[in-house]
Every structure is written in structure tokens, then in C-alpha cells.
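Trainee: Here's a structure for you.
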Amino acid sequence: MFEGVEYRYEGAHVFVTGGSNGIGRAIAEGYRDAGAHVVITGQRGAARDYDHDLSGLDYRQLDVTNHAQISDVIGGLEKLDIVINNAGGRQFVHESEWDPSGFDGAVAVNLSSVFHINHAALGKLKESEFPGGASTIGIASSSAYAGYEPAPGYSAAKAALIQLTKSYGVSWAKYGIRANAISPGMVDTNLTATYRESVDATVAQMPLARIGQPVDVAGAVLFLSSPAVSWITGQTLAVDGGLTISR
């Protein structure tokens, strides 16, 4: 998957929320191909309900805003070494984040879910014997760094996720658990395909002048959870073609 780079995750147990599509799927497949046992979550009832191939990935249905369901799903896992909090975006029914209920829904999906998933996973992460330490990695967004009129709840939640990552980095170091985040820019997914004009305008601002691919983010995630960077915690890595440095 990663040309010229080989990751080895044999024996690792990885949990990827929102791993059934887009960036999450690329992350999950990256860990799978590197030898890990990967549990993914999605909103549909079963892996067969998706149009694409999820073979080799252990699928669980999960509403990331349902705290009881989070506890049940994570409680049912044998082990945990790496948690990827990827689920996010507009997984709620409200039309506008400028509506109070829309704002609350965005924060619940993009921020609060991370706290509740990590809370449920902590006990298993403490028991991890993965080289370099267990990891939790959040998927933030380049929209966290500037005003974003279409989605005030989403962008605020992603900015808060960056801060929460720092707090985990400080608090969980004593358990040997590292906490980091990735901040993707414009990535080619089903969601971005629906607003091509905005995509083209954003790409024009990028020094690297191309839209990102899910595998671009996946490579950065596998890097941050690897033993090679066991002295990195509390950090957020921008993976955005240089977008945030060009604004």
C-alpha cells in the first residue's frame, strides 16, 4: 500500500472507528496489510451491507454517540494496542450546524465520541505490550485552524480535539500510552466529490497542488503509532499538501 515503505504490525490489535469508508478504510487496510488484527466500525448492520470489499477486517456496528454501545463494543474486544478515532463528519440528521441542535450533533460526533471511546479503551490500552507503547490517534482537520462558515460545530470540535490530544499526551504518558492526531486537508472521498468547485479552489491554494488521497493520511497514522516514533506524544501532524502553511 505504501510504496517504498514497509510497516510491521504483526500481533497488534487495532480499533478504527468509521473504518468502513474513505480515510478510515484506508487506515484499516494499511494496518491489516501490515499484519495487525483490525476491528472497524460503521453505521450499517454488517460488512456485507457496503458496496466495497471489507474482507480481512473485523466489522462492528457502532453509533459513536451511543455511550452504552461504545462500552459494549470495546468491552467485547480481546485486546487493544492502537485506537484510531476516525469517525466524524456529518453523522447526524440536522440541516445546519448554525442551528443549536446541529451544533450539538457535530460536537457529539467529532469531539465527545473521542473522549468516550478513549475512556472505554483505557483499561485495555494499559495492558498493551506493543513495542513503543500503545497509541490513541485522533483525526482532526485543517478546518480547525481557520474560521469555517459552513460548519462551526465541526471546525470547533476538531480544534478542541487537537487540545484534547495534548491533554491525553500529558495524562496518559504515565501508562505508557501515546496520544497524537492527524490533521488532514482536502482528501478525495465520497464526501468531497459532492462539492467539486470548493475542492478545486482549495487545491489551488496548496503548495503541492493536488488533492490528498486516503492512503496519504493512512501512511501518517501508521507512522505515528509505530515504535520508530515512541518519543512523540501530544502532537498533531498536518497532512494537507501544505495548505495550512500557505494561508
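Trainee: Residue farthest toward the positive end of the dipole of the chain, with Cβ of Lys/Arg at +1 and Asp/Glu at -1: which of Phe15, Ala26, Gly102?
Mentor: About the Cα centre, the residue reaching furthest to the positive side is Phe15.
Trainee: Sticking with this one: Under a 1.4 Å probe, what is the accessible area of the chain per residue, stated in Å²?
Mentor: On a per-residue basis, 47 Å².
Trainee: Here's another thing I want to ask about it. Distance in nm between label sites at Asp200 and Asn66, each 7 Å beyond Cα in the beta-carbon direction?
Mentor: Each label point lies 7 Å from its Cα, and together they span 4.2 nm.
Trainee: For the stretch 30-76, run through the chymotrypsin sites (Phe, Trp or Tyr not before Pro) and keep only the ones in DSSP coil with at most 16 other Cβ atoms within 10 Å of their Cβ.
Mentor: Tyr50
Trainee: Then there's this: Please list, by residue number, every one of the trypsin sites (Lys or Arg not before Pro) in the stretch 1-93 that is coil in DSSP and has at most 13 other beta-carbon atoms within 10 Å.
Mentor: Here the trypsin sites (Lys or Arg not before Pro) that fit, given the DSSP loop and packing criteria, are Arg8, Arg44.
Trainee: Quick check: Cα centre of the stretch 37-89 to Cα centre of the stretch 117-190, how many Å?
Mentor: For the stretch 37-89 versus the stretch 117-190, the Cα centre distance is 17 Å.
Trainee: Just the number, please: carbon plus sulfur as a percent of the accessible area of the chain, 1.4 Å probe, no ligands or DNA/RNA counted. Can you show the working numbers first?
Mentor: Working: 5970 of 11630 Å².
The computed percentage sits at 51.
Trainee: Across the Cα atoms of the stretch 1-130, what radius of gyration and what greatest pairwise Cα-Cα distance (Dmax) are found, in Å?
Mentor: Cα-based Rg and Dmax for the stretch 1-130 come out at 15.2, 47 Å.
Trainee: What is the dipole size for the chain, taken about its Cα centre, with +1 at each Lys and Arg Cβ and -1 at each Asp and Glu Cβ, in debye to the nearest 20?
Mentor: Roughly 600 debye, rounded to the nearest 20.
Trainee: Bin width 5 Å, alpha-carbon pairs only: give the P(r) of the stretch 119-247 as whole percents, running from 0 to the bin holding the largest distance.
Mentor: For the stretch 119-247, the binned pair fractions read 2, 11, 18, 21, 19, 13, 9, 6, 2, 0 percent.
Trainee: Based solely on its DSSP helices, what 222 nm [θ] is calculated for the chain when runs of n ≥ 4 H residues each add -39,500 (n - 2.57) and the sum is averaged over all residues, nearest 500 deg cm²/dmol?
Mentor: -10500 deg cm²/dmol, from helical runs alone.
Trainee: Answer with one residue from Ala134, Gly176, Ala151: the one whose Cα lies farthest towards the positive end of the charge dipole of the stretch 123-215, charges on Cβ with Lys, Arg +1 and Asp, Glu -1.
Mentor: Projecting each Cα onto the dipole axis, the largest value belongs to Gly176.
Trainee: Which is the longest run of the chain containing none of the GluC sites (Glu not before Pro) found in DSSP loop states (not H, G, I, E, B) with at most 12 other C-beta atoms within 10 Å?
Mentor: 130-247
Trainee: May I pose another question? Over the alpha carbons of the chain, what is the largest minus smallest coordinate on each principal axis, giving the biggest first in Å?
Mentor: Computed over the chain, the largest-to-smallest principal extents equal 45, 41, 39 Å.
The values are calculated or read from the model by the stated rules, or taken from the named source; none is laboratory data. Quick caveat: nothing in here was measured; it's all calculated off a predicted structure. Cβ: placed from backbone, ideal geometry, glycine included. Neighbour counts: every protein chain shown. Just so you know, the surface numbers come from the protein's heavy atoms only, side chains and all, with ligands and any DNA or RNA stripped out. Shrake-Rupley method; radii C 1.70, N 1.55, O 1.52, S 1.80 Å.
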